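Below: the structure, in structure tokens.
The values are calculated or read from the model by the stated rules, or taken from the named source; none is laboratory data. Predicted model only: the values in this text are computed from it and were never measured. Positions of Cβ are generated from backbone atoms using ideal geometry, with glycine treated the same way; all protein chains shown enter the neighbour counts.
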Amino acid sequence: MDKLIIRGSRKLKGEIEISGSKNAALPILASSILAGGESTFLRIPDLRDISTMGKLLSHLGANFSFKDGRVSLDTTNIKSFEAPYDLVKTMRASVLVLGPLLARYGRAKVSLPGGCAIGQRPINLHLSGLEKMGANIKLESGYVIAKASRLKGASIYFDIPTVTGTENIMMAATLAKGITIIENAAKEPEVVDLANCLISMGAKISGAGESIIEVEGVDELKPATNYEIIPDRIEAGTFMTIAAITGGNILLKKCKVDHLDAVISKLRDAGISIDISEKGVRASLKNEITSVDIKTMPYPGFPTDMQAQFMALMCLAKGTSVIRETIFENRFMHVAELRRMGANITIEGGTATVKGIDKLIGAQVMATDLRASASLVVAALAAKGESIIHRIYHLDRGYEKIDEKLKKLGADIIRQI
């Protein structure tokens, strides 16, 4: 099993290009099911999750090809309507084929999803929404079995904003008869990107990025043509924290700063210089890191996917910071590993208190999920001595060639098989 060996205490400098967003790419790839023929997508990151989605779509009968960030997906010969456990268990986003299959073919059998072990992420909101649209749904032997002659528009209210739930219902509604209203919808940029892609395919959608989304169903959609995925805001935020914690200076190219307002605001509060220009976003540390409190919230609040990386940064901040996790109940599993590196962190419920220390010390640590992996990389790059990060397959689910990008910036990092 691959591991990363990092020798820290190096100031990372230079420039990198931010990859396309994994969390935008996955639902957009699934949306190809809604239209017969060949769809093409650009700036798709080369990640394990993308490969898994490709295998799933191929299992359904699509012709999937991926080269140099370009995906071609021909859904002409879809003949299976089942997303099996072996594929779904490793990636929760596999559930995103449910809405498109049900909308276009009137049936779907999808295994209940897996993914990172960061807490309960039930899909009951997806299912209740589809039921309101006329779907007959039952749970049987760990599978969701759904049928509908044709979905009908409905008013759907989410008790809590759900990104994949919003995406699944929005995709299903594009081919439903009538108008669907999604209230308390997720506002994330990835939801907006999916809506924009669907609109390019002929869908009638308004309100994406706001709390109420309206979708007027159409009879058919056309394939997407060279639709380009938005940049990965979480990768960009991660590299900003890397610039800060190493005392470095990194220029991030091809990233959208308006997707990072909450992260940039907190980094600036912590004493990090964030300079925005036509060339990109430059992150650097001029003086010292100052402790800052954060509370994770749905977009446009501080993203839960940046909590672990920010915590690693706070380990070396002057003062004490309080970090509240409100999205996932098990998202502090990186804390025990950061403590192995000397971090002073205490946890009470959904709150972590981080007392800044002078330095972290390299150690052997174990990655437990995708963003925990990233936090350990952030910490190891600043730590004195050598760190070995095990189980980095989590990291490969969400960061494209991160070791190569870090080497380009001057990191002493080796991937060992």
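Key figures
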{"quantity": "Residue pairs meeting the criteria (Cβ under 6 Å; at least 6 apart or on separate chains; first under 18 Å from Pro100 (Cβ atoms), in the range 60-77; second among the aromatic types (Phe, Trp, Tyr))", "calculated": "Val71/Phe41; Leu73/Phe64"}
{"quantity": "Number of the condition not met by Ala380 [criteria: (1) outside any helix (DSSP H, G or I); (2) over 18 Å from the mean Cα position of the chain (by Cα)]", "calculated": "(1)"}
{"quantity": "Residue within the range 266-273 that is without any contact (Cβ under 8 Å) to a residue 12 or more places away in the chain and not in a loop (DSSP other than H, G, I, E, B) present", "calculated": "yes"}
{"quantity": "Lone unmet requirement of (1) modelled with pLDDT under 95; (2) farther than 20 Å from Leu34 by Cβ; (3) surrounded by 21 or more Cβ atoms within 10 Å (Cβ to Cβ); (4) touching a Gly at 6+ places or on another chain (Cβ under 9 Å) for Leu112", "calculated": "(3)"}
{"quantity": "Candidate set from the range 334-351 (those that are part of a loop (DSSP other than H, G, I, E, B), surrounded by fewer than 20 Cβ atoms within 10 Å (Cβ to Cβ) and in contact (Cβ under 8 Å) with a residue 12 or more places away in the chain); member that is nearest to the chain's Cα centre (by Cα)", "calculated": "Gly350"}
{"quantity": "Test: residue in the range 65-75 that is surrounded by 24 or more Cβ atoms within 10 Å (Cβ to Cβ), out of contact with any Asp or Glu (no Cβ under 6 Å at 6 or more places or on another chain) and either closer than 23 Å to His259 by Cα or β-branched (Val, Ile, Thr) (or both)", "calculated": "yes"}
{"quantity": "Residues located in the range 239-278, provided they are in contact with an Asp or Glu (Cβ under 9 Å, 6 or more places away or on another chain) and β-branched (Val, Ile, Thr)", "calculated": "Ile250"}
{"quantity": "Checklist (1) crowded, with 16+ Cβ neighbours inside 10 Å; (2) in contact (Cβ under 8 Å) with a residue 40 or more places away in the chain; (3) out of contact with any Gly (no Cβ under 9 Å at 6 or more places or on another chain); (4) not β-branched (Val, Ile, Thr) applied to Gly37, failing item", "calculated": "(1)"}
{"quantity": "Selection status of Thr90, in a loop (DSSP other than H, G, I, E, B) and either at pLDDT 95 or above or of a type in the set (Ser, Thr, Tyr) (or both)", "calculated": "yes"}
{"quantity": "Selection count, the range 392-415, where residues are more than 11 Å from Ile6 (Cβ to Cβ), assigned to a helix (DSSP H, G or I), acidic (Asp, Glu) and in contact (Cβ under 8 Å) with a residue 24 or more places away in the chain", "calculated": "1"}
